[in-house]
Structure formats: structure tokens, C-alpha cells
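Computed from the coordinates by the stated procedures, all read-outs in this text should not be read as laboratory data. Keep in mind that this is a model prediction, so the values were computed, not measured. Heads up, the Cβs are rebuilt from the backbone with ideal geometry, glycines too, and the neighbour counts pull from every protein chain shown.
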Amino acid sequence: MYKSVILPLAKEDIRIAALWYNKQQHGLGKRFAAEVREEVHFIRQNPKATNVRYDEVRTAVLNLFPFMIHYFIDEKNKTIIVSAVLHTSRSPELWKNR
């Protein structure tokens, strides 16, 4: 299994989305964060299960929430690096500034 690193801006993406979901319904932000964790765990086990979308960046879509995890694989260190967790309606160009 690969290790995972979630970059600070991706952690902020998760935090902001979880706060927003909690304002919509108590506990929903916790469910969102749990789904992100589950998907990152899946990616760690199956890093090449998703397609490359931009250069070397792969994306995985969450099941219940309209968000994509943007990540790349560091084969040398057997590490998954999560660079963004963005709503699917947002411009995919956002991750490039990270």
C-alpha cells in the first residue's frame, strides 16, 4: 500500500467544504470528511485505478458528494500526494496554482 500526503491547500479544501456541509445539516460535514478519507484509503491501495486527467494528475470522484480528489503518484517514494479536493462545478484549472 502507498503512503498518502494531503497538501495544506487540499486540507483547507476539505475543511471549508465540511464547514459548509455542517451549516446545511448537522453532522454532514463529518460524513463528507469521512468519505474523503475512505476514498484516499482506496487510492492508496489502487493508485492507478483512476485515469490521468491533467499531465500527471489523476482524479477520483467521491460517491455521495460532488467533489473530486486531485492527486499524483510519487512512484519512487510509493506515495500518493493529494493536491486538491474540489467541487466538480469549479474550474479544474484551480489545482494548477497549487
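How big is the Cα convex hull of segment 3-97 in projection, averaged over all directions, in nm²?
The directionally averaged projection comes out at 5.8 nm².
Calculate for the chain the 222 nm mean residue ellipticity that helices alone would give, adding -39,500 (n - 2.57) per DSSP H run of length 4 or more and normalising by residue count, nearest 500 deg cm²/dmol.
Computed mean residue ellipticity for the chain: -12000 deg cm²/dmol.
If you take the Cα atoms of segment 1-56, find Rg, then find the Kirkwood Rh from the mean of 1/r over all pairs, what is Rg/Rh? The partial results should precede the final answer.
Details: Rg = 13.2 Å, Rh = 12.6 Å.
Taking Rh as the inverse mean 1/r over Cα pairs, Rg/Rh reads 1.05.
Give the angle, between 0 and 90 degrees and rounded to the nearest 10, that separates the Cα long axis of helix 28-45 from the longest principal axis of the Cα atoms of the chain.
10
What residues have an amide H closer than 5 Å to that of Phe67, excluding those fewer than 5 places away on the same chain, when H is modeled at 1.01 Å from N in the peptide plane?
For Phe67, the qualifying residues are Leu62, Thr88.
Each label point is 7 Å from the Cα along the Cα-to-Cβ direction; what then is the distance between the points at Ser91 and Trp20, in nm?
Calculated label separation equals 1.6 nm.
For a quick protection proxy, order the peptides 31-38, 66-73 by their average other-Cβ count within 10 Å, most packed first.
So the order, starting with the most tightly packed, is 66-73, 31-38.
Quick one: if the Förster radius is 22 Å, what FRET efficiency do Leu9 and Leu64 give, using the C-beta to C-beta distance and rounding to 0.05? List each step's numbers first, then the result.
Working: r = 23 Å, r/R0 = 1.04.
My answer for the efficiency is 0.45.
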